[in-house]
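I have placed the structure first, in the form of structure tokens, so that the comments after it can refer back to it.
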């Protein structure tokens, strides 16, 4: 067979196929056609030299917000996809029943990136920063189920943000309604946690195998560890019973302290996701590869980290034969990275610093075998003001763009002010 594209000489890490080493990847008509130790350059119309780079499946980000210009949190996916290696985006709850069709027509349909969604149990979605579940009239189970049934190619589950601000006086009732909708539609339910009430035990009692607890390493009062840093028994049972523990870093939902406590006890997250949105993209999240780099410094291996951002989220979505893998026949969604070595300071959402020696830097992103052009990020939404910590990160150069600008591709990274 004569291939359209050959990626040659890179270190392949594809946890879904348990393949790790120097392999060439051939692409034909938008799909992976062959993976082998030595594919001749004469067998392809175009060759990408990946020598010295890491070749992975396109990243699958299980927690994002990309409903831009309509909702408070939404960013544009394509510019970020091209510079991060994220090829599949799950928008979680930006759209509710009343505005889902806008997400389909104006965001998912024209995007180059693959976009799927979880439908908010609130019919108004995330139009505002929060409060969408404080009025039970918006928690319309019938509308939610009807819209999901009409859009099953786009909508893969249901989302509910459960915390004191979002639910207000309604407590756990919005989650009960989300549970009814998920059961009726036979789809997974993703639940956001943060500052209670409600209590984390009340949330966990309503989750079922295959559901997703996002912000699992939150430092908020709904954290899944006790005051001594030990995993709560209710969380242990949920995890053992098949609840997916998802990072969802965001701007307020990742604590180094909690992550260190859990990883020290052997509890690794099932999925590493970004919760990228209008605020978190300014730092200290920045993007999914930066988030993945934090788990390298926490002690996870590179294949473990890549699995948690490719194969595992693809399995959670039920799309493991199409995305999150470089097996022949799968979609040719591919990401290339260099593993930069240096002295990097990473921060959690509380601006707690940790020093790391490795940073994943994306160099190329392909979707269905086509290279995504690098585009400038659009400006922040008018209502977004960087916080004090975000301004300090920019001022002192503790940001991935500064690391790259100062040192150039493939060179030693230093981020000292």
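The values are calculated or read from the model by the stated rules, or taken from the named source; none is laboratory data. Bear in mind that the values here come from a model prediction, so they are computed numbers and not experimental data. FYI the Cβ positions are ideal-geometry reconstructions off the backbone, even for glycines, and counts take in every protein chain you see.
Summary table
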item: Helices (runs of 4 or more DSSP H) contained entirely in region 294-406, each with at least 2 residues that are in contact (Cβ under 8 Å) with a residue 12 or more places away in the chain, closer than 26 Å to residue 211 by Cα and assigned by TED's automatic domain parsing to the domain that holds residue 189; result: 302-308, 311-317
item: Tally, over region 111-150, of residues that are more than 26 Å from residue 331 (Cα to Cα) and part of a helix (DSSP H, G or I); result: 10
item: Scan of region 243-271 for residues that are over 10 Å from residue 216 (Cα atoms) and out of contact with any strand residue (DSSP E or B) (no Cβ under 7 Å at 6 or more places or on another chain), ordered by number; result: 250, 251, 252, 257, 260, 263, 264, 266, 268
item: Single unsatisfied condition, residue 153 versus (1) in a loop (DSSP other than H, G, I, E, B); (2) without any contact (Cβ under 8 Å) to a residue 40 or more places away in the chain; (3) touching a strand residue (DSSP E or B) at 6+ places or on another chain (Cβ under 7 Å); result: (3)
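Conditions tested, residue by residue: (1) in contact with a strand residue (DSSP E or B) (Cβ under 7 Å, 6 or more places away or on another chain); (2) crowded, with 20+ Cβ neighbours inside 10 Å; (3) not in a strand (DSSP E or B).
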position	(1), (2), (3)
39	yes, yes, yes
56	yes, yes, no
61	yes, yes, no
67	yes, yes, yes
73	no, yes, yes
79	no, no, yes
